[in-house]
Amino acid sequence: MKDKNCVDVNVNPCKMCMPMGACLAFKGMEKSIVVMHGSQGCSTYVRRHMAQHYNEPIDIASSSLNEKATVYGGEANLKKGLKNVLKMYNPKTIGVVTTCLAETIGEDINRILKDFMVEEKISSEDLTLVSVPTPGYGGTQFEGYYLAVRKMVEKIVEPSEPNKKINIISGLMSPGDIRELKLILERFGIEAVILPDVSETLDSPYRGLEFEKLPEGGTTCSEIKTMSGSLATIEFGVHSREDHSPGEYLKKEFGVPLYRIPIPIGLENSDTLMKLLSKISGKKIPEYYVKARGRMLDAMIDSHKYNGEGVAAVFGEPELVTSISSLCLENGITPRVISTGSNIKKIRAFLAEGLDKYGDEIVVLEDTDFETIRSYVKEKEVNILIGHSDGKYIEEKEGIPLIRVGFPVHDRIGAQRQVTIGYDGSMNFLDILTNTLMAQKYQSYRDRMYKKYYKEDEDVKEVTA
Ligand code: SF4
């Protein structure tokens with residue numbers, strides 16, 4: 001809670017820690033596993049959140065640093081952990097993700113990993129080790145995610161011949177969203193390298209008793225190697241730092257043109273994606289999407305009279321919050337509280353065109369916590385919450401419905417299948433918002449009318465009597 005009279009303290013922060021984002025990113029690489037260099041609690045925290053959200057078995061290894069390793073260094077623990085993981089999982093890639101403890105004691109991870117490959121006589125053809133410095137205090141899951149993808153690209157991409165593919169840095173999207181993205185590319189007839197690709201790895205089909213320790217799917221190392229020869233990179237993400245951006249690296253090192261765009265939620269953001277795919281590939285926007293756009297416009301017209309009563313608080317990781325706020329703004333739902341736990345200071349500027357006419361009515365909170373969000377929810381008379389499950393306490397305490405979207409969703413099922421991107425996904429998501437507002441209206445309008453008209457009359461009668 002930020003209070004001008006006291007030292008800033010976070011009460012129930014609106015964020016997850018940095019290694020969480022890195023682990024999510026590595027789940028989108030083929031046959032990869034993460035070893036978290038730190039204490040066991042860090043990996044348990046990540047596993048628990050991911051397993052509950054995706055309803056999949058999530059294996060995250062830990063170097064299990066204890067008091068002795070903290071004082072004398074954790075090199076032996078890390079090497080032992082890596083050997084165990086190789087024996088048990090036979091992965092193609094291991095992401096070595098650090099934690100608060102490993103970074104604070106100043107472990108030289110790159111040197112340790114180099115030594116490990118030599119000592120174990122492992123060829124880089126057989127195993128790729130990617131290290132990512134992610135102390136929990138270094139940022140949120142948002143920074144951890146982009147930095148991990150950046151490190152994958154820095155480590156794996158090689159100079160290659162030009163090809164006709166498009167690189168897509170997918171951002172923190174659900175497996176369902178990635179499948180929708182693949183469908184869009186297929187309808188365009190575009191070949192792409194999607195990194196990371198969690199469409200299968202974090203939402204696997206039922207296979208009976210067959211159990212794969214590392215699920216099928218994910219972006220392969222050979223695909224990543226050739227990203228240097230692609231026509232362009234589309235990076236879903238407008239807020240990440242330049243030195244965390246995989247697309248910036250590909251542009252700087254290999255001259256691959258870069259387009260950083262918002263996650264395609266909402267009409268305008270979906271238009272941006274469609275136009276860009278058409279421009280880069282030289283192909284026309286498929287007839288399917290011309291019609292889908294028309295259907296979405298029709299849906300927006302149908303629902304605008306109900307949406308006009310919507311006053312939203314949107315919270316979560318910054319890219320999702322930006323795109324959802326944009327969807328709200330273009331549909332007459334006023335996102336009076338726009339909030340994220342990441343410290344990026346860019347959301348208001350990015351949404352300026354939509355926000356300017358509201359002036360001080362809309363508050364944008366960054367690096368914030370749920371106590372602060374709750375106080376603004378009350379002050380701004382919010383009637384719909386849009387964000388992940390950690391906002392459920394506001395839902396319970398204030399009696400305001402929460403539409404669950406983003407990560408983590410613990411108290412509902414199906415988050416991994418949720419589709420919110422493109423015209424179809426946005427339209428379905430908008431329907432959910434509109435129906436929630438309508439349900440709320442019909443549940444309470446008699447009460448509100450009674451209070452407004454009859455209660456006032458009775459009060460007047462009582463006073464005059
Ligand atoms: S904040 Fe630090 S100690 Fe806590 S889970 Fe994250 S990395 Fe581990």
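The values are calculated or read from the model by the stated rules, or taken from the named source; none is laboratory data. Treat the numbers as computed from the prediction; the structure is a model and nothing was measured. Counting neighbours? That spans all protein chains shown, and the Cβs are built from the backbone with ideal geometry, glycine included.
Quick notes on this one:
- Here residue 350 meets each of (1) touching a helix residue (DSSP H, G or I) at 6+ places or on another chain (Cβ under 7 Å); (2) over 22 Å from residue 140 (Cβ atoms) with one exception, condition (2).
- Residue within region 145-167 that is within 16 Å of the ligand (Cβ to nearest atom), of a type outside the set (A, V, I, L, M, F, W, C) and without any contact (Cβ under 8 Å) to a residue 40 or more places away in the chain present: no
- Checked against the criterion of being within 16 Å of the ligand (Cβ to nearest atom) and over 17 Å from residue 98 (Cβ atoms), the candidates 51, 22 yield just one match: 51.
- Enumerated strands (runs of 3 or more DSSP E) restricted to region 346-465, each holding at least 2 residues that are crowded, with 21+ Cβ neighbours inside 10 Å and in contact with a Lys or Arg (Cβ under 9 Å, 6 or more places away or on another chain): 384-387, 402-404
- Residues of region 66-113 satisfying the condition of being assigned to a strand (DSSP E or B) and hydrophobic (A, V, I, L, M, F, W, C): 94, 96, 97
- One residue stands out among those in region 105-134 that are within 16 Å of the ligand (Cβ to nearest atom) and modelled with pLDDT under 95: the one that is surrounded by the fewest Cβ atoms within 10 Å (Cβ to Cβ), which is 106.
- Test result for residue 46, within 16 Å of the ligand (Cβ to nearest atom) and either under 30 Å from residue 125 (Cβ atoms) or assigned by TED's automatic domain parsing to the domain that holds residue 113 (or both): yes
- Here is the figure for region 255-284: residues that are in a loop (DSSP other than H, G, I, E, B) and buried (at least 16 other Cβ atoms within 10 Å of the Cβ) total 6.
- Long-range neighbours under 9 Å by Cβ, at least six apart or interchain, first residue within 16 Å of the ligand (Cβ to nearest atom) within region 75-100, second in a helix (DSSP H, G or I) and among the basic types (Lys, Arg): 95/151
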